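K.L.:
There's a structure below that I have some questions on.
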Amino acid sequence: MPKGAWALESSHLKCHILNANNYKDGILSGGREMTHKTHILLSAGGTGGHVMPALALAAMLREKGAEVSLATDQRGAGLLNDDRTRDLKEVIVLPAGAPGGGVLKKIKGLACLAHGYLKAGTHIRRITPDAIVAFGGYPCVPAALAGAHKGIPLILHEQNAILGRANAFLARDAKALALSWPRTSGLPEGLPTEHTGNPVRPEIVAIGAQPYAPPEKDGVLRILICGGSLGAQVFSDVLPDAFAALDNKARARLQIVQQCREEHLEQVRRRYHALGINAWLAPFIDDMAAEIATAHLFIGRSGASTVAEIAAAGRPAIYVPYPWHKDQQQKYNADVIAAQGGAWTLTQDSFTPEGVSACLSDFLDAPGKLADAANAARDCGRPDAALRLAESVFRVMGH
């Protein structure tokens, strides 16, 4: 079963440098002798959708002989653990904020970005990276902008089908833009683009290399439920009622791993216990790859990184896109896979106990449908996205 959350404690605005092995005077080194190598700095926003593709690229760049560092904010650093920093020389945590909302919030956000820009400049002078790759989200801006202003080549990666505001802001200083989707809107004129796909970690790619084994007749149906980095409340609200609508025999076949918010844990746990469902719940799933590998079905949001990982792993999914994005980017992500038969897209309004229980009953009666969807999802995946992006970075550098 999953290990639960790993937390990184540090103050909100202080800048720290972190590494998986040793910490002294604000600088951590991996304990290995470094000769002169190409050094690439990755800059990523503070969510898993930005950080996980960056880590996937880090693994590929390290395999190609480069040294890699990561710049992010406190939230991004909180997603890291010893295993996830194994390919990084160091992690630089910078203050960052989004310049949005009311006047005071905008002023505070801009001041935080300016603070991060100055801190980033100090670290960039120290580590002298040969290139910077930015993965979007406002926390990526300080390091990306500071490096570009020092003449370091900047490459952007866009996870979604609509160019994000941070990448749009950085585009004027970038040398190239890598895309997860072949049709992406909002692209700036004159900036070279390449469709690389969205990098996924090697452990996810390895899952997709193995054949999918559907549930056996009258056997266990393992469901992985994940509502984004914070755990969407809709899953805690709807799924217990959906499972309750199944008959006793069907409920006994379910095995649930669910990420949900801390404040909902006990209530949902008690509900599942009363229904006789084998369930493990936590606010954070530390080893997501292990859970994807054993899951027959994924239910969750359809952020770009999530969809890329689930498709590359070859797992069928029920996607419930986040409904409040103006551009509906998560729905586009889900619909691309659903159109190929690799997933089912349910809007939040149509994500009802009755609809979900009907789907689950169908899967329990005809597990071959899950196998067909798994194969279709795998066909949509881009397991070589990290390699493609790494090659794009080296081309920009002239290697």
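The values are calculated or read from the model by the stated rules, or taken from the named source; none is laboratory data. These numbers were taken from a predicted model, which means no experiment stands behind them. Cβ sites come from the backbone with ideal geometry, for glycine too, and all protein chains shown count toward neighbours.
K.L.:
Scanning the range 277-298 for residues that are touching a strand residue (DSSP E or B) at 6+ places or on another chain (Cβ under 9 Å) and assigned to a loop (DSSP other than H, G, I, E, B), which turns out farthest from Leu55 (Cα to Cα)?
P.N.:
If we filter the range 277-298 for residues that are touching a strand residue (DSSP E or B) at 6+ places or on another chain (Cβ under 9 Å), which is where we start, we get 277-285, 288, 291-292, 294-298.
Right, trim to assigned to a loop (DSSP other than H, G, I, E, B) and you get 277, 283-285, 295-296.
Values: Ile277: 35, Pro283: 22, Phe284: 18, Ile285: 17, Ala295: 23, His296: 25 Å.
Filtering first and then ranking leaves Ile277.
K.L.:
Return the only residue of Pro215, Pro211 being touching a His at 6+ places or on another chain (Cβ under 6 Å), more than 21 Å from Val91 (Cβ to Cβ) and assigned to a loop (DSSP other than H, G, I, E, B).
P.N.:
Answer to the check: Pro215.
K.L.:
Run Asp130 past the list (1) modelled with pLDDT of 90 or more; (2) acidic (Asp, Glu); (3) within 27 Å of Pro283 (Cα to Cα) and report the number of the one that doesn't hold.
P.N.:
(3)
K.L.:
So, one more: Among the numbered criteria (1) part of a helix (DSSP H, G or I); (2) on the phi > 0 side of the Ramachandran plot; (3) of a type outside the set (Lys, Arg), which single criterion is violated by Gly341?
P.N.:
(1)
K.L.:
Kindly indicate the residue of the range 370-391 that is of a type outside the set (A, V, I, L, M), in contact (Cβ under 8 Å) with a residue 24 or more places away in the chain and in a helix (DSSP H, G or I) and also farthest from Ala161 (Cα to Cα) among those meeting that condition.
P.N.:
Of all residues in the range 370-391, those of a type outside the set (A, V, I, L, M) come to 372, 375, 378-384, 388, 391.
Now narrow it down to the ones that are in contact (Cβ under 8 Å) with a residue 24 or more places away in the chain: 372, 375, 378-384, 388.
Filter once more, keeping what is in a helix (DSSP H, G or I): 372, 375, 378-380, 388.
Numbers: Asp372: 26, Asn375: 23, Arg378: 20, Asp379: 19, Cys380: 15, Arg388: 18 Å.
The residue in question is Asp372.
Listed here are the residues, each with its yes/no results for (1) at pLDDT 95 or above; (2) out of contact with any helix residue (DSSP H, G or I) (no Cβ under 9 Å at 6 or more places or on another chain).
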site: Ser185; (1), (2): no, yes
site: Thr193; (1), (2): yes, yes
site: Ala209; (1), (2): yes, yes
site: Glu216; (1), (2): no, yes
site: Leu239; (1), (2): yes, no
site: Ala252; (1), (2): yes, yes
site: Ile256; (1), (2): yes, no
site: Glu262; (1), (2): no, yes
site: Leu275; (1), (2): yes, no
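K.L.:
Further question: Going by the structure shown, is Ala282 modelled with pLDDT under 95, in contact with a helix residue (DSSP H, G or I) (Cβ under 9 Å, 6 or more places away or on another chain) and not assigned by TED's automatic domain parsing to the domain that holds Leu389? Spell out the reasoning first.
P.N.:
On the way: modelled with pLDDT under 95: yes; in contact with a helix residue (DSSP H, G or I) (Cβ under 9 Å, 6 or more places away or on another chain): yes; not assigned by TED's automatic domain parsing to the domain that holds Leu389: yes.
For Ala282, the condition - modelled with pLDDT under 95, in contact with a helix residue (DSSP H, G or I) (Cβ under 9 Å, 6 or more places away or on another chain) and not assigned by TED's automatic domain parsing to the domain that holds Leu389 - is met.
K.L.:
I need every pair where a residue in the range 82-111 that is under 18 Å from Tyr138 (Cβ atoms) and assigned by TED's automatic domain parsing to the domain that holds Gly137 has its Cβ under 9 Å from the Cβ of a residue that is of a type in the set (Asp, Glu) and modelled with pLDDT of 80 or more, sequence separation at least 6 or different chains.
P.N.:
Pairs that qualify, where the first residue is under 18 Å from Tyr138 (Cβ atoms) and assigned by TED's automatic domain parsing to the domain that holds Gly137 and the partner is of a type in the set (Asp, Glu) and modelled with pLDDT of 80 or more, are Val93/Asp73; Leu94/Asp73; Pro95/Asp73; Ala96/Asp73; Gly97/Asp73.
K.L.:
Related question: Which residue, of Arg165, Arg172, is under 19 Å from the mean Cα position of the chain (by Cα) and in the same structural domain as Gly109 (by TED's automatic domain parsing)? Before the answer, list the steps.
P.N.:
Numbers: Arg172 fails: under 19 Å from the mean Cα position of the chain (by Cα).
Checking each option against the conditions leaves just Arg165.
K.L.:
Looking at Val336, Val356 in this structure, which one is on the phi < 0 side of the Ramachandran plot, assigned to a helix (DSSP H, G or I) and at pLDDT below 95? Explain how you work it out, then say what you get.
P.N.:
Values: Val356 fails: at pLDDT below 95.
Testing whether each residue is on the phi < 0 side of the Ramachandran plot, assigned to a helix (DSSP H, G or I) and at pLDDT below 95 leaves just Val336.
K.L.:
Go through (1) touching a Phe, Trp or Tyr at 6+ places or on another chain (Cβ under 8 Å); (2) in the same structural domain as Leu55 (by TED's automatic domain parsing) one by one and return the number of the condition Ser185 breaks.
P.N.:
Of (1) touching a Phe, Trp or Tyr at 6+ places or on another chain (Cβ under 8 Å); (2) in the same structural domain as Leu55 (by TED's automatic domain parsing), only one is false for Ser185: (1).
K.L.:
Pro95 - would you say it is over 22 Å from Met60 (Cα atoms) and buried (at least 22 other Cβ atoms within 10 Å of the Cβ)?
P.N.:
Working: over 22 Å from Met60 (Cα atoms): yes; buried (at least 22 other Cβ atoms within 10 Å of the Cβ): yes.
Here the answer is yes, as Pro95 does meet what is asked.
K.L.:
Given the conditions (1) touching an Asp or Glu at 6+ places or on another chain (Cβ under 6 Å); (2) part of a helix (DSSP H, G or I), which single one is not true for Arg75?
P.N.:
It fails just one condition, (1).
K.L.:
Something else now. So, in the range 131-153, of the ones that are outside any helix (DSSP H, G or I), among the β-branched types (Val, Ile, Thr) and surrounded by 24 or more Cβ atoms within 10 Å (Cβ to Cβ), which residue ends up nearest to the chain's Cα centre (by Cα)?
P.N.:
Val133
K.L.:
Name every residue in the range 239-258 that is among the basic types (Lys, Arg) and buried (at least 17 other Cβ atoms within 10 Å of the Cβ), in order of residue number. Quick ask: steps written out before the conclusion?
P.N.:
Start the filter on the range 239-258 by keeping residues that are among the basic types (Lys, Arg), which leaves 249, 251, 253.
The answer is Arg251, Arg253.
K.L.:
Of all residues in the range 154-176, how many are modelled with pLDDT of 95 or more, under 20 Å from Thr72 (Cβ atoms) and either in contact with an Asp or Glu (Cβ under 9 Å, 6 or more places away or on another chain) or in a loop (DSSP other than H, G, I, E, B) (or both)?
P.N.:
Adding up the residues that qualify gives 3.
K.L.:
Please pick out the residue among Gly76, Gly48 that is closer than 19 Å to Ala178 by Cα and under 15 Å from the mean Cα position of the chain (by Cα). Don't jump to the end; show me each part of the working.
P.N.:
Numbers: Gly76 fails: closer than 19 Å to Ala178 by Cα.
Exactly one residue qualifies, and that residue is Gly48.
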